[in-house]
1. Provide the solvent-accessible area of His60, counting protein heavy atoms only and rolling a 1.4 Å probe, rounded to the nearest 10 Å².
2. Answer rounded, prolate or oblate for the stretch 1-87, using the Cα gyration tensor with square roots of eigenvalues a ≥ b ≥ c: rounded when a/c is under 1.5, else prolate when a/b is larger than b/c, else oblate.
3. Could the peptides 162-170, 29-37 be put in order, highest first, of the mean number of other beta-carbon atoms found within 10 Å of their residues?
4. Carbon and sulfur: what percent of the chain's accessible surface (1.4 Å probe)?
5. Would you mind getting the Kirkwood hydrodynamic radius of the chain from its Cα pairs, rounded to one decimal in Å?
6. Can you give the accessible area of Val67, probe radius 1.4 Å, in Å² rounded to 10?
7. Using packing as a proxy for protection, rank 250-263, 128-141 so that the peptide with the highest average count of other Cβ atoms within 10 Å comes first.
8. For the stretch 13-23, in order, what is each residue's ³J(HN,Hα) by Karplus, 6.51 cos²θ - 1.76 cosθ + 1.60 with θ = phi - 60°, in whole Hz (x at glycine and Pro)?
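The values are calculated or read from the model by the stated rules, or taken from the named source; none is laboratory data. Small disclaimer: the values here were computed from a predicted structure and weren't measured. Cβ sites come from the backbone with ideal geometry, for glycine too, and all protein chains shown count toward neighbours. Heads up: the accessible areas ignore ligands, DNA and RNA and are worked out on the full protein's heavy atoms, side chains in. Shrake-Rupley method; radii C 1.70, N 1.55, O 1.52, S 1.80 Å.
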Amino acid sequence: GGYLQDKIRVGERLIVHAGLRGDTFAFKSEDDPDYIGEPFDVTDSDISGNVGVNYAVTPHVDLTALVARGFRAPNLQERSFVGLASTGDTYILQNPNLSSEESLNYEAGFKVRYDRYFGGFTVFYNDVSDFITLEFLGTSPDPPYFELAQFANIDQATIWGIELDLETLFATYWSVFFNYAYIEGTNEITDEPLPTIPPQKIVLGLRYQRASWWAEATARIVDREDDLPPGDPFFEVGYPGFTVYGLSGGYDFRFGLGLIATLENATDKLYSEPFNNRPEPGQNLRVSARYRF
């Protein structure tokens, strides 16, 4: 693929962003006695692009808007996988004949930046053709009675949502941040909810920042998901919500080296992400190093 982008300043307040992209994807399976799926040899190409604007209403407030055409070819897993899912209760049938997704995407919002607080708000709407999703087909007729599923195209779908970000410096060295996301998807052919659309989510955090080191505490709050299509195995009970907490911190040395430590799922909560029956890892400590030059 190839990508071209330009940023054009029109006067003192208006900036125009324009991008153009071309992609070609080739999928071909080779003979392999260990692969039980159907052979395939597919090539797909398309052109996509976008035009966006930033308009400075004041030195601290920008209005933003974007119109884009999207293209996404099925990835290798969606096109070729066949077998038992990692959750152990669903058998996925192969669909090598998936079509690529195409979409028209619209966004509008604003961004603010002052000395002690900054953030933004965005509302978006996507009109998608051949939306790729995991479609549940019912239970297998023979023991051990797995759920059957297959990646499939939905002819016409719409996805819309909002995103809100805010960070405030409320005292010397101290800040709090907040992020909220809500997404809703509809199968325009059946007027049913789209599968695997994530539920609304909130992220809250408290941060202490010095010149060379920092510490942070976060909470991720995920709502339960009840807005499901009838074919979903959790249609009647929904997917439960959860709240998980994390702690992290880091130190930057003067010569460019930095150390970061993160304690994920600090309370060792037993939970699963939406649309996944497999429990997520418990309390987990991760230490990493980086070098900047």
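1. So the heavy atoms of His60 present about 80 Å² to solvent.
2. Prolate is the answer for the stretch 1-87, as a/c is 1.5 or above and a/b outweighs b/c.
3. Details: 162-170: 15.0, 29-37: 9.2.
Listed from highest to lowest mean packing, they are 162-170, 29-37.
4. Working: 10000 of 17780 Å².
Accessible surface attributable to carbon and sulfur in the chain totals 56 percent.
5. On the way: mean 1/r = 0.0439 Å⁻¹.
About 22.8 Å, per the Kirkwood formula over Cα pairs.
6. Around 80 Å² of this residue is reachable by solvent.
7. Working: 250-263: 13.1, 128-141: 16.6.
Taking the mean over residues of other Cβ atoms within 10 Å, the ranking is 128-141, 250-263.
8. Running phi through 6.51 cos²θ - 1.76 cosθ + 1.60 with θ = phi - 60° gives 10, 10, 10, 10, 10, 9, x, 9, 9, x, 10 Hz.
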